[in-house]
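Notes follow the structure.
Taken together, the values in this text are just the output of simple stated rules run on the coordinates, not laboratory data. Remember, it's a predicted structure, so these values are computed and weren't measured experimentally. Note: ideal-geometry Cβ built from the backbone for every residue, glycine included; neighbour counts use all protein chains shown.
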Amino acid sequence: MKPTDIPIPDNSISDGEWDGLDDADDGAALPAIELQLTPEACGVRLDKAISALVPQYSRSRLQQWIEAGHVSVDGEVARAKMTLYGDEKLVIRPQPAPEEQAFKAEPMDLAIVHEDDAILVIDKPVGLVVHPAAGNWSGTLLNGLLHHFPAIAGVPRAGIVHRLDKDTSGLMVVAKTLVAHTDLVRQLQARTVKREYLALVWGTPNSSGTVDAAIGRHPRDRIKMAVSTNFSAKPAVTHYERLATGTLDGKPVSLVCCRLETGRTHQIRVHMQSLGFALVGDALYGKQHLMQVFPRQALHARRLGLIHPVSGEAGEWSAALPADFADLLERAGIAQPQS
């Protein structure tokens, strides 16, 4: 008999308790699904049987629940490939899809540089994703912000007005109110927010310069951005200054200060690579044969300046280099710049 021929019991859905298995949720669980199998299911593999009996969920989703221990057979944690006898009691505990948890508050240690009633300035650590997306539906800065200040849920994107890449460290401003959000967005559009980064690049660029080149999606690699003349590319301007030079693995490197007028995706990484000076450790735009030197792009947002959206006063904050970046400069024989 094919799995699709398995009759569905009349009492297949109930609000019964989860049969002794740990509840992974905190009380907002979906109702458990209880199934009493009939002899027609004899000889059918569990994952195929469940797929036929609970068609409202995709087969891949059901397999994930089995593997995570959210399905029991006669009170025991189920195995996906086990063969059924046809008289078992199955209990399925549906779990929310990861993306449904994207805006869930999660406790998180936030490195808060400044906080008042209108804004937060945060020193984002390496490895922290700013906003939920495919592959990162939880554990993001947004989740931490919702826990730290629940009212921020009423602000678009939980107050996030600009982002840093996962493996870029440094300063970000977050709006705590709609008024502050609107004002900060306007400042960013007017290019009056001061954002200064430190980057370690391969090679020796000019002592200073400006890259004024639009950035758009890479024509062949959709993960990448690129300097582009396509009509959909957006204007992007980066000013840079070489602060010091050194060597890594016998190759020249330079510490560069970059100041942004615009804030396009991967802007500094793309602009410096377009000049021939890719960032050390940049797996996406950098020199692949040198990736063992540093495990991430050497980029840090060290200074942030803006006009406070309520007081109208100018504010400026700075953040020290994280330990791994500081160690990298030491290896290159470059002294840490003063904040």
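Beta bridges from DSSP with both residues in the chain: antiparallel share about 95 percent, rounded to the nearest 5. The range 75-90 and the range 256-334 have their alpha-carbon centroids 53 Å apart. Within straight cross-link reach of Lys89, meaning Cα distance under 21 Å, which lysines are found once same-chain residues fewer than 8 apart are removed? Counting by Cα, and skipping residues close in sequence, Lys89 has these lysines nearby: Lys2, Lys48, Lys81. Here the contact order of the range 101-190, divided by its residue count and restricted to Cα pairs under 8 Å and six or more residues apart, works out to 32 percent. Here's the picture: a label point sits 7 Å out from the Cα of Ser60 along the beta-carbon direction, and within the range 133-177 the residues with their amide nitrogen under 12 Å of it are 135.
The GluC sites (Glu not before Pro) of the range 212-317 meeting both criteria, a DSSP state outside H, G, I, E and B (loop) and at most 13 other C-beta atoms within 10 angstrom of the site's C-beta, are Glu313.
Per residue, the average separation of C-alpha pairs within less than 8 Å and at least 6 apart gives the chain a relative contact order of 12 percent.
With a cut-off of 11 Å between beta carbons, the residues surrounding Val129 carry a summed charge of +1, where Lys and Arg count +1 and Asp and Glu -1. Of the residues Phe294, Phe149, the one with the fewest other Cβ atoms within 10 Å heads the list, and the complete ranking is Phe149, Phe294. Given axes a ≥ b ≥ c from the Cα gyration tensor, I'd like to know whether the range 154-202 is rounded (a/c under 1.5), prolate (a/b larger than b/c) or oblate. Taking the square roots of the gyration eigenvalues as a ≥ b ≥ c, the range 154-202 is oblate.
Across the range 191-339, the relative contact order, built from alpha-carbon pairs under 8 Å that are at least six residues apart, equals 26 percent.
Given q = 0.07, 0.11 Å⁻¹, what are the Debye log10 I(q)/I(0) values for the chain, with equal point scatterers placed on the Cα positions and solvent ignored? Listed by q, the Debye log ratios stand at -0.44, -0.82. Around Leu188, under 12 Å between beta carbons, what's the net of Lys plus Arg minus Asp minus Glu among the other residues? Net charge around Leu188: +4. Relative to the longest principal axis of the Cα atoms of the chain, the long axis of helix 323-332 lies at roughly 50 degrees.
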